[in-house]
Amino acid sequence: MSSRDRKKEALYEKLKQLRSVTHSTAVNKTSIIVDASKYIEELKEKVQKLNQDIGTSSSSSDQSSLPMQVSVETLEKGFLINVFSPKDCPGLLVSILEAFEELGLDVLDASVSCSDNFRLEAVGEENQGQEDSIDAQVVKQGVLEAIKKWSENN
């Protein structure tokens, strides 16, 4: 097979893939490319609409001025809780610790930074006398609620 034939075959395969991805029913190269162009425009419009929706929902959110990152991982005994904000958040640590208390979590180890930004990494486990067991999602929701309450008060 000559180099020219390989290039032609490669182009044919790429057009076939493009036709498949864009759900085009076109047969000739030009029509496939036109359909792909229309498909790309539709995708751009969808992205713009989604970005507008995200902008609308985040501006209506109480936490829009505070882009917080919260993650909770389940450990063998307890949870690893990480909270990060690029802004300094005076008083937030107290709110989060109160949430831990309400959830029945004992803080075993913690590292906190409150200068220029807010960063908390804590290991917590359920109180020994606690009747109901909690999971990572419940802990995360509790921390998010504490952040929400703190943000409403500040």
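List of remarks:
- Label point distance in nm, ALA10-ASP53, each placed 7 Å from Cα along Cα→Cβ: 3.9 nm
- Rounded percent of accessible protein surface that carbon and sulfur make up, the chain, 1.4 Å probe: 50 percent
- Residue pairs, from the table LYS16/LYS46; LYS14/LYS44; LYS44/LYS140; LYS16/LYS38; LYS8/LYS44, whose Cα atoms sit over 27 Å apart: LYS44/LYS140; LYS8/LYS44
- Calculated diffusion of the chain, Stokes-Einstein form, Kirkwood radius summed over Cα pairs, 4 °C and 1.567 mPa s, µm²/s: 65 µm²/s
- Solvent-accessible area per residue for the range 77-154 (1.4 angstrom probe, square angstrom): 57 Å²
- Note, ³J(HN,Hα) from phi for the range 101-117, Karplus 6.51, -1.76, 1.60, rounded to Hz, x at Gly and Pro: 4, 4, 6, x, 9, 9, 7, 8, 7, 8, 10, 10, 10, 10, 9, 6, 9
- Distance between modelled label sites at LEU108 and LYS44, nm, 7 Å Cα→Cβ extension: 5.4 nm
- Placing +1 on each Lys and Arg Cβ and -1 on each Asp and Glu Cβ, with no other charges, gives the chain a dipole about its Cα centre of roughly 2040 debye.
- Using the Cβ-Cβ distance between SER20 and LEU144 with R0 set to 30 Å, the FRET efficiency works out to roughly 0.10.
- Listed by chain and number, the lysines placed with their C-alpha closer than 16 angstrom to that of LYS87 are LYS148; residues fewer than eight positions away on the same chain are left out.
- Largest GNM mean-square fluctuation across SER37, SER111, SER95, computed for the chain with C-alpha springs under 10 Å, falls on SER37.
- Relative contact order, percent, the chain [alpha-carbon distance under 8 Å, six or more residues apart]: 19 percent
The values are calculated or read from the model by the stated rules, or taken from the named source; none is laboratory data. Everything numeric in this text was worked out from a predicted model, so none of it was measured. Backbone-built Cβ (ideal geometry, glycine too); neighbour counts: all protein chains shown. In case anyone asks, the SASA skips ligands and DNA or RNA and just uses the protein heavy atoms, side chains included. Shrake-Rupley method; radii C 1.70, N 1.55, O 1.52, S 1.80 Å.
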